[in-house]
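The values are calculated or read from the model by the stated rules, or taken from the named source; none is laboratory data. Worth saying up front: this structure is predicted, and the values here are computed from it rather than measured. Note: ideal-geometry Cβ built from the backbone for every residue, glycine included; neighbour counts use all protein chains shown. Accessible surface areas use protein heavy atoms only, side chains included; no ligands, DNA or RNA. Shrake-Rupley method; radii C 1.70, N 1.55, O 1.52, S 1.80 Å.
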Amino acid sequence: MRSRNNIWIGADPGGKGKFGLAILKSDGSAQTCCVDCADEALDKVTNLVKAQPAGIGVDAPLWWSSGRSSARMADQWLRGEYGLSGGEVQAVNSLRGAALVQGMMFVDRIRRLFPDVGVTETHPKAVMAALKLKKGDTFFKKFSVKVEMKDKQEHERDAIISAVAAREGFEKRWVNDLSSIRHESEQDPSQYWLAPVHYFWPHK
């Protein structure tokens, strides 16, 4: 049963003014904003969240591969399963540095505050495609989120979807964990320096 006091955090890491952050409460209400970096996002969390969150979702690759293009099996599976292009689910090597660095650093910093908090990687745009949803408001309605989003608030929207992914995963409604399928060249998200990290997904 869902606790009335649980909070889930979603992050859509990016550069200046493009780091989306969402705090989702058990009643479905959400607060969102955009900041410049992981440290500013952490300051917001520190001011608004006093107890350990029930889970955190981050829209960035949270483990890497030493293979060609830093290709990961989870990304290949998403492209094949849903007919997504390489531009929609990119290889890690082709992503912008802000998403890669700020995503990792956000998890590292927030675990200094909450060492045992659960973390899942997310991919909001791929989730929307997998669920055959074209607009954020249809996603919010499906998952009982109370928030008003403007068209240009893409980073905040993706942060909310990331928070929902954390909620659904850690409450065991999304039971498929894509972090369990890996090439030998990939880091093991259950053991490496940022561990444990999951990648909860709505479909098997």
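Here are the numbers for this structure:
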read-out	value
Residue within the stretch 157-165 that is open to solvent by 10 Å² or more (accessible area, probe 1.4 Å), touching a residue at least 24 places away in the same chain (Cβ under 8 Å) and out of contact with any Cys (no Cβ under 6 Å at 6 or more places or on another chain) present	yes
So Pro61, is it outside any helix (DSSP H, G or I) and open to solvent by less than 30 Å² (accessible area, probe 1.4 Å)	yes
Elements of type helices (runs of 4 or more DSSP H) contained in the stretch 101-204, each with 1 or more residues being more than 15 Å from the chain's Cα centre (by Cα)	124-130, 136-142
Residue that is farthest from Thr122 (Cα to Cα) [pool: residues in the stretch 88-100 that are open to solvent by 60 Å² or more (accessible area, probe 1.4 Å) and part of a loop (DSSP other than H, G, I, E, B)]	Arg96
Odd one out for Gln31 among (1) assigned to a strand (DSSP E or B); (2) at pLDDT below 95; (3) under 14 Å from the mean Cα position of the chain (by Cα)	(3)
Filter pass, Lys25 being in contact with a strand residue (DSSP E or B) (Cβ under 9 Å, 6 or more places away or on another chain), among the basic types (Lys, Arg) and open to solvent by 70 Å² or more (accessible area, probe 1.4 Å)	yes
Residue match in the stretch 60-78 (condition: touching an Asp or Glu at 6+ places or on another chain (Cβ under 7 Å) and either farther than 23 Å from Trp193 by Cβ or among the β-branched types (Val, Ile, Thr) (or both))	no
Single match in Gly80, Gly15, Gly20 (criterion: buried (at least 19 other Cβ atoms within 10 Å of the Cβ) and either out of contact with any strand residue (DSSP E or B) (no Cβ under 6 Å at 6 or more places or on another chain) or not in a helix (DSSP H, G or I) (or both))	Gly20
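For every residue, the table says whether it meets (1) assigned to a helix (DSSP H, G or I); (2) modelled with pLDDT under 95; (3) open to solvent by 40 Å² or more (accessible area, probe 1.4 Å).
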| residue | (1), (2), (3) |
| --- | --- |
| Asp39 | yes, no, yes |
| Leu42 | yes, no, no |
| Asn47 | yes, yes, yes |
| Gly57 | no, no, no |
